[in-house]
Amino acid sequence: MAYTLIASQTLLNPTATVTFSGIPQGFKDLMLEFNGGIVKAANIDSLLVQFNNDTGSNYSYTDLSGNGTTASSTRQSSATYFWCDVAATNLGLSSVSTFNVMSYANTNVYKTTLYREATAGNDTEARVSLWRSTTAITSIKLFPYTGSGFATGSTFKLWGVF
Amino acid sequence: MSIKSMSSGNRSISMLAGQTPEHHVLIGDVTVGAGGTASITFSNIDQSYQHLQIRGIARSSVSAESDAFRIRLNGDAGNNYARHILYGNGASVYSMAASSANLGTASGAVTGSTATANTFGVFILDILDYSSTAKNKTLRSIYGFDYNSTVSEIGLTSSLWMNSSTAVTSMNLFTGSSSNIVQFSTIQLYGVK
Amino acid sequence: MPMTLISRQTLTGTAASVTFNNIPQTFQTLKLVVSSRTDRASQPSSDIIIRFNTDSSSSYSFRRIYGNGASTASDNLGAGANNGLVILTCGASATTSTFGNAEVTIPNYFGSFNKAISTDSVSENNATTAFQSLNAALWALTPAISSIALSDYNSANFVSGSTFSLYGIS
């Protein structure tokens, strides 16, 4: 079976951090879907991602973005996380982000994530990120950039793709 | 496995694989061994699905930071393809086209041999209605590579194979430079009902 | 629990719209995979709109980035639109027998919150002009989605051979 739901969480309260740990190693890729928002008195905040509790400067990303007016592309190197835009309180639970973590268990390669973000009130993006580690991914931590937490009703779903 | 949360009261569901029929099925799986390979081929593709999806990571042996990653269907090397791409390189955004080409695009770009070691380009390619004998075949691929430098790429590509009367029964994937696909590159083919 | 085909519609003639009704409420996420073409005259592309639960009130918005084979752009319909513009596909002047390729993702369609939608879509054409689009849309109403309707923004028809596949992911 190609898609297997590993774990899912629906927030009944605002939550500062969501972590998937003990991720099974038997799949080819992981697919993580976020739908919701962040608690912050603003339109937009960011969702940050780290693997295996690595807080070092081992992440980088490149994006392709459209904000409804302008098409743009940016990149960041040697970061301590990778991230995407997410709706904050003013825009409600209106973001969907899908992360495809390719070959997450492969110990011969650095880990590349291909992901999409869609927030109709702000922008839509495609992004690629690199985690410079050959270690298999066993945990994924998600947390807001400046907001106090993910909003009630936000969902996080992790699938294994075999 | 566990899901940790900083707040109590959240509802979590942890599930293992069920027994209901699956409509997204792995039907081919290649991992490149030592020495690399000139191409990856899936042949005798099962015709009982509606769509195909190819997911992969790849790196080229080309002496450059990146390389295109192409696809040829049913061995057709004629000028029967068109290609289009929308991509960003971390600084600018581009849209390009090629018509009456002899190759389609599996991924706009993968890493080459001068990219940081252990980095691979990634892509997810979808071919809809691949077994149709009344439609040309349209391919869609989202792809990207990043190796923590000033060279990187993220984009969405499309390809057209102008052969409406023939189902897709095989595919060859190879680099645009004709260099090898290196060890640890891995590509999976899925049938989608 | 896997990815399941809920329903597929394959057109054998033209159709002004395609609708999926009575969508089961038992999945986590819906995926709509579309291989379509319209008879929009003299145009290589068409914009496809989505409506949920027959709602045509001013409850939709969208934002996208796209390329046309030569240049790039980003546009939007802000809050207050009566449809969600989600897919760029092939119109009547695209290469014969050529159809677009699109995937629409709708998470938590059963939930009691606004519905966010993410779409990747392409058209094709053996010429410079063809479109690749990344799209975000929103249905700012809270009912569970029980029906999905697709139609052409410019009132063209879908043509024979177009296929629309609705999947549920558990």
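Throughout, read-outs are computed from the coordinates displayed, never taken from laboratory work. None of these values were measured; they are calculated from a predicted model. Using ideal geometry, Cβ is built from the backbone for each residue, glycine included, and neighbour counts are taken over all protein chains shown.
The GNM of chain C, with springs linking C-alpha atoms under 10 angstrom apart, assigns the highest mean-square fluctuation among C:131, C:52, C:27 to C:27.
Cβ crowding within 10 Å ranks A:11, B:86 as A:11, B:86, fewest other Cβ atoms first. Here the residues A:135, A:113, ranked from fewest to most Cβ neighbours within 10 Å of their Cβ, fall in the order A:135, A:113. Over region C:42-84, the ratio between the Cα radius of gyration and 2.2 N^0.38 Å evaluates to 1.38.
Region A:29-75 and region C:92-170 have Cα centres lying 24 Å from one another. Karplus-based coupling profile of region A:140-149, in residue order and whole Hz: 10, 10, 10, 7, x, 6, 10, x, 7, x, with θ = phi - 60° in 6.51 cos²θ - 1.76 cosθ + 1.60 and x standing for Gly or Pro. Applying the Karplus relation 6.51 cos²θ - 1.76 cosθ + 1.60 with θ = phi - 60° to region A:52-63 yields 3J(HN,Hα) values of 6, 6, 7, 9, x, 7, 10, 10, 8, 7, 9, 10 Hz, where x marks Gly and Pro.
When all alpha carbon pairs of region C:118-169 are counted in 10 Å bins from zero, the resulting P(r) reads 14, 43, 35, 8, 1 %. If only the Cβ of Lys and Arg carry +1 and only the Cβ of Asp and Glu carry -1, the dipole of chain C around its Cα centre is close to 200 debye. Under conditions of 37 °C and 0.692 mPa s, region A:1-115 yields 206 µm² s⁻¹ as its translational diffusion coefficient, taking Rh as the Kirkwood radius over Cα pairs in the Stokes-Einstein equation.
Report the local net charge at residue C:103: Lys and Arg +1, Asp and Glu -1, summed over other residues whose C-beta lies under 11 Å from its C-beta. Mind dumping the intermediate values first?
Values: positive: A:116, B:140, C:31; negative: B:126, C:120.
Combined, the nearby Lys, Arg, Asp and Glu give +1.
Panel note: the C-alpha atoms of region A:57-162, placed on their principal axes, show extents of 42, 31, 27 Å (largest first). Partner lysines whose Cα lies under 17 Å from the Cα of residue C:115, excluding those fewer than 8 positions away in the same chain, are identified as A:157, C:31.
Overall size of region C:1-153 from C-alpha positions, given as principal axis extents largest first: 44, 34, 29 Å.
Charge dipole (Cα centre; +1 on Lys/Arg Cβ, -1 on Asp/Glu Cβ; no other charges) of chain B amounts to roughly 260 debye. Could you list which residues have their amide H under 5 Å from that of residue A:111, counting only those 5 or more apart in sequence or on another chain, with H placed in the peptide plane? Those lying under 5 Å, H to H, from residue A:111 are A:131, A:133.
With one equal scatterer per alpha carbon and no solvent term, the Debye-computed log10 I(q)/I(0) for region B:126-193 at 0.27 1/Å reads -1.33. Separation of region A:105-159 and region C:1-44, taken as the distance between their Cα centroids, equals 29 angstrom.
Taking the square roots of five times each eigenvalue of the Cα gyration tensor of region C:65-170, the equivalent ellipsoid has semi-axes of 26, 17, 13 Å, listed largest first.
Principal axis analysis of the Cα atoms in region A:117-162 yields extents of 36, 26, 23 Å, listed in decreasing size. The label-point distance for residue A:148 and residue B:39, in a model that sets each label 7 Å from Cα toward Cβ, rounds to 6.0 nm. More than 33 Å apart: what percent of Cα pairs in the protein assembly as shown qualify? Cα-Cα pairs in the protein assembly as shown separated by more than 33 Å: 32 percent. For region B:66-124, taking Cα atoms only, Rg and Dmax work out to 13.2, 37 Å respectively. Exposure proxy ranking for A:161, C:122, A:109, based on other Cβ atoms within 10 angstrom of each Cβ and starting from the fewest, stands as A:109, A:161, C:122. Net charge dipole, the protein assembly as shown: roughly 420 debye, given to the nearest 20, about the Cα centre with Cβ charges of +1 for Lys and Arg and -1 for Asp and Glu. The alpha carbons of region A:48-91 give a radius of gyration and a Dmax of 12.9, 37 Å, in that order. In chain B, inverting the average of 1/r over every pair of distinct C-alpha atoms gives 17.8 Å as the Kirkwood radius. If R0 equals 25 Å, the separation of the Cβ atoms of residue C:57 and residue C:9 corresponds to a calculated FRET efficiency of about 0.50.
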